[in-house]
Protein chains: 2
Amino acid sequence: MNNTDATSIALPVGFRAAGVSCGLKSDPSKPDLALFVADRPSAAAGVFTTNLVCGAPVKVSRSRLPRATARAVIVNSGNANACTGARGDEDARWMTAEVAKQLDCSPEDVLVCSTGVIGRFLPREKLAKGIPAATSHLAPSAENFRDAATAMMTTDTFAKLATRSRRVGAGDLRVSGVAKGAAMIAPNMATMLAVLMTDAPLDPRQADSLLRHAVARSFNCISVDGHMSTSDTVLLLASGARQVRLGDGELAMIQEIVDEVAVELAQAIIRDAEGADHFITLDVRGTKTRDDAIRIARAITDSPLVKTAIAGGDPNWGRIVSAAGYAGVPFREEDLSLKLNGVLLYKAGAPTDFDAKSLSQGLRANRDVLIELDFALGDEAVRFWTSDLTAEYVRLNADYTT
Amino acid sequence: MNNTDATSIALPVGFRAAGVSCGLKSDPSKPDLALFVADRPSAAAGVFTTNLVCGAPVKVSRSRLPRATARAVIVNSGNANACTGARGDEDARWMTAEVAKQLDCSPEDVLVCSTGVIGRFLPREKLAKGIPAATSHLAPSAENFRDAATAMMTTDTFAKLATRSRRVGAGDLRVSGVAKGAAMIAPNMATMLAVLMTDAPLDPRQADSLLRHAVARSFNCISVDGHMSTSDTVLLLASGARQVRLGDGELAMIQEIVDEVAVELAQAIIRDAEGADHFITLDVRGTKTRDDAIRIARAITDSPLVKTAIAGGDPNWGRIVSAAGYAGVPFREEDLSLKLNGVLLYKAGAPTDFDAKSLSQGLRANRDVLIELDFALGDEAVRFWTSDLTAEYVRLNADYTT
């Protein structure tokens, strides 16, 4: 259930995909244009970056959602079309119109995402050739689904796909998704994008609600460097190709698999975080509100000191506890206990005796790390995922010249 | 006026200092105990970390300030006495009582700071020898002042001292200060400390007000890694040894030199930020409120992506603009222009044509970097200082085992 291999990857019924190359990247042979098409008008919803400085595609797609008649998502890598002013807005709208021409639909029914360099204008002449090429390659195959995921990659080292299905009534409902992002760590790249698709017959309001629930528990619970992108976008399209009756029970089941697909893609982004040696799961439990838990989790996962300690295999719990202390959530030191890889290091505000050498050896030997904070304040909790901070991260982000 | 060399360093009248070694560090020959003593009861004020997880010395000193009868500040390095529970609180109070015995004053008139490893109990037996040794070495000399500054160092590579004087009435008023901190980047160390002293005849309320003004423009305007310490403390003691009449003009003059000393010490911390190759000055201007400017400055100086770009000599203005965009301050892209080392890169929301190669060469060739953000929103401004983020920073913070 938790892993999907190439053979199990499939698009939901009613969707086709393509991934092609049109020369937007410095290596022009690399795929850079992905297209996802719903055969019929579909419900669509989106969640976007809250950065005030946002890419033109974010403005265009956001203004069109949620809607009942979406037909396609066009995604290019190699150029973020962000910080490009009025010309960038026109370019983003132009991209959707070019796709609409091919599909014979309204430009308003096409959504757009761009990822790559900030502050450069899109080369329309390349896209004007790439978009018809992408539409001519459309197919519902697993291979095309993977091609599209690959065309979204910037500094990602692997394509990120996930799929789940559940029996509902007489048939299976499927949710499938792709994502790109090695977090915000790549030179000049600043985006995580995800496109989720389902054959369930959702209306736009249901799609919006399912997507927000899933994003709050997946893409909003990961952090590599705390730098919020100008282009972050997660979209959900529901083709309704499987016409089943959706009661509360069925909706809950769909929510479950949308959540699972979103979590798997979010985790894949952290597993691909450039330069990272460790995959860190952080549980914050026992707070009064979920927001409190999130603030504490964010302070810890944003701290370079916590992340360098894990990189070095150092069970330096003082850094974790002190990050919790400046998160802005009121607590007393006695309210807090901390475990690292199952070992209790800090109990109700006081240090414990623990075998630092063996704990450090475990940190060095294993990629996966578990940090658990238990507060005595309430019953709320959150789970976050993050990477460590290595010298390789800095090299990747510094040794680059525009 | 902006630089002080060894010969110009002096304590204000009415103060003595000492720096000795009592074996708290892994290299027991290194000085680790600093003592500052006012000959007579002095006005004192303090500004402390707002971290809820704070060191025992912070709790003890904070509870005693502001006051009119302070006599001494005892500072140890090598052990932060933080996250040490009730026993840590008793140890901090015991330190002040040991100093008070030597000076024949009330323990309440002694302030205490500790910096170093978190979560270990203080070795009282070592301090019980070190404190009388420090008192026996007290002297008003520049050499002793420097010894005390040196004894506060943890991973600092140089002692940080600053001094200013101004003619007021018949004589000179002096403000001198010491600080420690290579920001929060050192393994298990998590502190910036500063002690400012003046011979001006301030009352506690005046000392408090002068200190808060200075801290807001100096130590609160620096950032290395955004991880707030458990032990940050800045103290101001005013001996009143120079008995001059202080009107508003004199107070403004003293404020000016307190500010200058604080800024010089804060800048010294950034210049000593471990692993750093660049010293970055950031001006945020034209915001509606000073708080808005601070929020934007903090988002930029906390961003690992901005800091790695500078480390790599990359004029990657998209990272700077996008960090401003998530600071939580409302603005439109058209409201913002950005200069890097005097070159306009982003003008009223659109990219400019600039010579990226020559700008990059300048970034690589020079340690000092100037980033200027101009908003069209109001008349407020703030200046921040920060360091870049290098692979060396990560090595220093990762390649360490408890």
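The values are calculated or read from the model by the stated rules, or taken from the named source; none is laboratory data. All values reported here derive from a predicted model rather than from experimental measurement. Please note: Cβ atoms are built from the backbone with ideal geometry, for glycine as well, and neighbour counts cover all protein chains shown.
Scan segment B:261-278 and tell me whether some residue there is β-branched (Val, Ile, Thr) and in contact with a helix residue (DSSP H, G or I) (Cβ under 7 Å, 6 or more places away or on another chain).
Scanning segment B:261-278, I find no residue that is β-branched (Val, Ile, Thr) and in contact with a helix residue (DSSP H, G or I) (Cβ under 7 Å, 6 or more places away or on another chain), so the answer is no.
Is there a residue in segment B:282-302 that is without any contact (Cβ under 8 Å) to a residue 12 or more places away in the chain, buried (at least 24 other Cβ atoms within 10 Å of the Cβ) and within 12 Å of another protein chain (Cβ to nearest Cβ)?
No, the conditions are met nowhere in segment B:282-302.
Count, please, the residues in segment B:26-83 that happen to be of a type in the set (Lys, Arg) and within 14 Å of another protein chain (Cβ to nearest Cβ).
Of the residues in that region, 1 qualify.
Residues that are among the hydrophobic types (A, V, I, L, M, F, W, C), out of contact with any Cys (no Cβ under 6 Å at 6 or more places or on another chain) and within 14 Å of chain A (Cβ to nearest Cβ): does segment B:266-275 have at least one? First the steps, then the outcome.
Within segment B:266-275, the first condition is being among the hydrophobic types (A, V, I, L, M, F, W, C), and the residues that meet it are B:266, B:268-270, B:273.
Narrowing the set further to residues that are out of contact with any Cys (no Cβ under 6 Å at 6 or more places or on another chain) leaves B:266, B:268-270, B:273.
From what's left, within 14 Å of chain A (Cβ to nearest Cβ): B:273.
Looking through segment B:266-275, at least one residue is among the hydrophobic types (A, V, I, L, M, F, W, C), out of contact with any Cys (no Cβ under 6 Å at 6 or more places or on another chain) and within 14 Å of chain A (Cβ to nearest Cβ).
The rows are residues; the columns are (1) within 21 Å of B:Val47 (Cα to Cα); (2) in the same structural domain as B:Val195 (by TED's automatic domain parsing); (3) among the hydroxyl-bearing types (Ser, Thr, Tyr).
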{"site": "B:His137", "(1), (2), (3)": "no, yes, no"}
{"site": "B:Pro140", "(1), (2), (3)": "no, yes, no"}
{"site": "B:Arg146", "(1), (2), (3)": "no, yes, no"}
{"site": "B:Ala149", "(1), (2), (3)": "yes, yes, no"}
{"site": "B:Thr155", "(1), (2), (3)": "no, yes, yes"}
{"site": "B:Ala159", "(1), (2), (3)": "no, yes, no"}
{"site": "B:Gly169", "(1), (2), (3)": "no, yes, no"}
{"site": "B:Arg174", "(1), (2), (3)": "yes, yes, no"}
{"site": "B:Gly177", "(1), (2), (3)": "yes, yes, no"}
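Assigned by TED's automatic domain parsing to the domain that holds B:Ala148 and without any contact (Cβ under 8 Å) to a residue 24 or more places away in the chain: which single residue out of B:Ala45, B:Ala86, B:Ala70, B:Ala18 fits that description? Before you say what the answer is, go through the steps one by one.
Values: B:Ala45 fails: without any contact (Cβ under 8 Å) to a residue 24 or more places away in the chain; B:Ala70 fails: without any contact (Cβ under 8 Å) to a residue 24 or more places away in the chain; B:Ala18 fails: without any contact (Cβ under 8 Å) to a residue 24 or more places away in the chain.
Going through B:Ala45, B:Ala86, B:Ala70, B:Ala18 in turn, just one is assigned by TED's automatic domain parsing to the domain that holds B:Ala148 and without any contact (Cβ under 8 Å) to a residue 24 or more places away in the chain: B:Ala86.
Going through segment A:312-357 one residue at a time, which ones are polar (S, T, N, Q) and at the interface with another protein chain (Cβ under 9 Å from one of its Cβ atoms)?
A:Asn316, A:Ser322
Check whether at least one residue in segment B:213-232 is touching a strand residue (DSSP E or B) at 6+ places or on another chain (Cβ under 8 Å), in a helix (DSSP H, G or I) and β-branched (Val, Ile, Thr), and report yes or no.
yes
Could you figure out which of (1) farther than 17 Å from B:Ser231 by Cα; (2) within 9 Å of chain B (Cβ to nearest Cβ); (3) touching a residue at least 24 places away in the same chain (Cβ under 8 Å); (4) not in a loop (DSSP other than H, G, I, E, B) isn't true of A:Ala309?
(3)
Report, by residue number, each residue of segment A:111-128 that is of a type in the set (A, V, I, L, M), within 13 Å of another protein chain (Cβ to nearest Cβ) and more than 22 Å from A:Ser63 (Cα to Cα).
A:Val117
With the condition kept exactly as written, say whether any residue in segment A:84-104 is buried (at least 24 other Cβ atoms within 10 Å of the Cβ) and within 14 Å of chain B (Cβ to nearest Cβ).
The answer is yes; a qualifying residue exists.
So B:Arg245 ticks every box in (1) in a loop (DSSP other than H, G, I, E, B); (2) under 20 Å from the mean Cα position of the chain (by Cα) but one. Which box is left unticked?
(2)
Identify, please: which residue in segment A:212-227 is surrounded by 22 or more Cβ atoms within 10 Å (Cβ to Cβ) and over 13 Å from A:Leu265 (Cβ atoms) and is, among those, modelled with the highest pLDDT?
Filtering first and then ranking leaves A:Ser223.
State all residues of segment A:360-371 that are under 28 Å from the mean Cα position of the chain (by Cα) and crowded, with 17+ Cβ neighbours inside 10 Å; if no residue qualifies, say none.
A:Leu363, A:Val369, A:Ile371
Could you tell me which residue of segment A:228-244 is modelled with the lowest pLDDT, considering only residues that are within 14 Å of chain B (Cβ to nearest Cβ) and surrounded by 24 or more Cβ atoms within 10 Å (Cβ to Cβ)?
Top of the filtered list is A:Ser229.
If I ask for residues that are buried (at least 22 other Cβ atoms within 10 Å of the Cβ) and within 14 Å of chain A (Cβ to nearest Cβ), which ones from segment B:377-390 would you list?
The answer is B:Thr386, B:Ser387, B:Asp388, B:Leu389, B:Thr390.
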